[in-house]
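Peer 1: I have a structure here, written as structure tokens, and I will follow up with some questions on it.
Please treat every number below as a calculation from the coordinates, not as lab data. Remember, predicted model here, so these are calculated numbers, not experimental data. Heads up, the Cβs are rebuilt from the backbone with ideal geometry, glycines too, and the neighbour counts pull from every protein chain shown.
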């Protein structure tokens with residue numbers, strides 16, 4: 001039988017965040033595929049694990065990928081970890097997961113830390129809907145397109161950036177989204193010098209121009225301001241009656257009215273329940 005590929009989330013910085021289940025899986029590991037073998041060995045030593053360790057990162061050769069798939073096909077269990085957080089989320093791993101499934105191996109996720117979820121939870125920005133764009137392209141048309149997407153997004157946007165490119169990113173975001181657009185910079189999450197700094201884009205740009213940022217950086221940008229739409233109560237009521245006649249539930253009608261007429265949902269729900 002083919003082996004199992006365990007996709008294991010590891011701490012962003014604080015080793016105490018490693019789950020008990022992740023520790024047990026690491027201790028039972030036969031082979032670990034790691035983005036950075038030195039960091040992996042520090043983590044493995046922390047839990048008392050001594051598996052074989054293969055290097056597997058974004059620039060690994062096709063040969064290394066075939067080696068790992070061959071190990072799985074021969075019945076070896078393989079554990080995939082990255083430097084920090086959840087593998088395959090803007091980190092190496094997607095192709096290995098895909099090839100493992102195609103080879104007949106089981107793929108078992110061991111959930112845990114994620115910079116995206118951690119930053120969102122402490123940002124104060126809406127997180128019921130959000131867009132994650134990973135690392136933006138460095139230059140050219142693709143970068144401009146991503147910046148335009150962020151500027152027009154109706155939801156919070158989350159991106160990763162290297163510390164030495166943070167000021168440039170904030171400068172470009174200011175140019176596309178406007179200086180007053182709200183944002184949060186989350187840096188060194190769960191580590192000794194953790195910083196979660198809210199502000200508008202221009203304030204954050206100035207702050208980090210004056211204080212060189214270091215470490216891992218996650219940037220969250222608030223949704224684009226909603227355009228106000230002029231409407232009258234009669235139009236809203238008519239639309240509500242049409243939707244109700246079509247069999248749409250009152251709750252869904254309220255949601256749709258709030259979206260279509262840019263009105264508070266509580267007002268929309270009050271109108272619908274009054275019909």
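Peer 1: Which one, 76, 156, 86, has the greatest fluctuation when you compute a Gaussian network model over the chain with C-alpha springs under 10 angstrom?
Peer 2: Comparing 76, 156, 86 in the GNM, the peak value goes to 76.
Peer 1: Let me ask something else. I need the fraction of alpha carbon pairs in the stretch 217-275 separated by more than 12 Å, rounded to a whole percent. The partial results should precede the final answer.
Peer 2: Numbers: 1144 of 1711 pairs.
Here the long-distance tail beyond 12 Å is 67 percent of all Cα pairs in the stretch 217-275.
Peer 1: Rounded to the nearest 500, what is the chain's calculated 222 nm mean residue ellipticity when only DSSP H runs of at least 4 contribute -39500 (n - 2.57) each, over all residues? Working shown, then result.
Peer 2: Details: 11 runs with 119 residues, N = 275.
Result for the chain: -13000 deg cm²/dmol, rounded to the nearest 500.
Peer 1: List the equivalent ellipsoid semi-axes of the stretch 155-275 in whole Å, largest first, each obtained as the square root of 5λ for an eigenvalue λ of the Cα gyration tensor.
Peer 2: Numbers: eigenvalues 365, 46, 20 Å².
Here the semi-axes work out to 43, 15, 10 Å.
Peer 1: Given the C-alpha atoms of the stretch 12-74, compute the convex hull and give its volume per residue in Å³. Mind showing how you got there, number by number?
Peer 2: Working: hull volume 5.7 nm³, N = 63.
Considering the Cα atoms of the stretch 12-74, their hull volume per residue is 91 Å³.
Peer 1: Determine, for each peptide in 3-12, 258-267, the mean count of other beta carbons within 10 angstrom over its residues, then list the peptides with the highest first. Before the final figure, lay out each step's value.
Peer 2: Working: 3-12: 22.4, 258-267: 14.0.
Descending packing order for the listed peptides: 3-12, 258-267.
Peer 1: Rounded to the nearest 5, what is the percent of antiparallel bridges among the DSSP beta bridges in the chain? Each step should come with its number before you reach the end.
Peer 2: Values: 18 of 39 bridges.
Counting only bridges with both partners in the chain, antiparallel ones make up about 45 percent.
Peer 1: Another one. Going by the alpha-carbon gyration tensor, a ≥ b ≥ c the square roots of its eigenvalues, is the stretch 30-151 rounded (a/c under 1.5) or, if a/c is not under 1.5, prolate (a/b greater than b/c) versus oblate?
Peer 2: On the way: a/c = 2.13, a/b = 1.62, b/c = 1.31.
Taking the square roots of the gyration eigenvalues as a ≥ b ≥ c, the stretch 30-151 is prolate.
Peer 1: Going by alpha carbons, how many degrees (0 to 90, nearest 10) lie between the helix axis of 201-210 and the longest principal axis of the chain?
Peer 2: In the chain, helix 201-210 runs at an angle near 40 degrees to the longest axis.
Peer 1: Right, next: Quick check: the distance between the Cα centres of the stretch 140-164 and the stretch 69-139, to the nearest angstrom?
Peer 2: The two parts, judged by their Cα centres, are 20 Å apart.
Peer 1: Turning to a different aspect of this structure: Nearest 10 degrees, 0 to 90: what angle lies between the long axis of helix 250-261 and the longest principal axis of the chain (Cα atoms)?
Peer 2: That helix lies at roughly 80 degrees to the long axis.
Peer 1: With the chain treated as a Gaussian network of Cα nodes joined by springs under 10 Å, which of 218, 118, 42 yields the largest mean-square fluctuation?
Peer 2: Residue with maximal mean-square fluctuation among 218, 118, 42: 42.
Peer 1: Further question on the same structure: Expressed as a whole percent, how much of the Cα-Cα distance distribution for the chain exceeds 36 Å?
Peer 2: Numbers: 13005 of 37675 pairs.
Above the 36 Å cut-off, the chain has 35 percent of its Cα pairs.
Peer 1: Under a GNM of the chain (C-alpha, springs under 10 Å), which listed residue has the highest mean-square fluctuation: 30, 245, 256?
Peer 2: Of 30, 245, 256, the most mobile in the Gaussian network model is 245.
Peer 1: For helix 166-177, report the angle its Cα long axis makes with the longest principal axis of the Cα atoms of the chain; keep it between 0 and 90° and round to the nearest 10°.
Peer 2: 30 degrees
Peer 1: Here's a follow-up. Please list, short to long, the whole-number percent of alpha-carbon pairs of the stretch 92-207 in consecutive 5 angstrom bins beginning at zero.
Peer 2: 2, 10, 18, 21, 18, 12, 9, 6, 3, 1, 0
Peer 1: For 236, 108, what ranking results if the residue with the fewest other Cβ atoms within 10 Å of its Cβ goes first? Don't skip to the answer; put the middle values down first.
Peer 2: Numbers: 236 18, 108 13.
Going from least to most buried by this count: 108, 236.
Peer 1: Of the DSSP beta bridges with both residues in the stretch 4-113, give the percent that are antiparallel, rounding to the nearest 5.
Peer 2: Values: 1 of 17 bridges.
Bridges in the stretch 4-113 are about 5 percent antiparallel.
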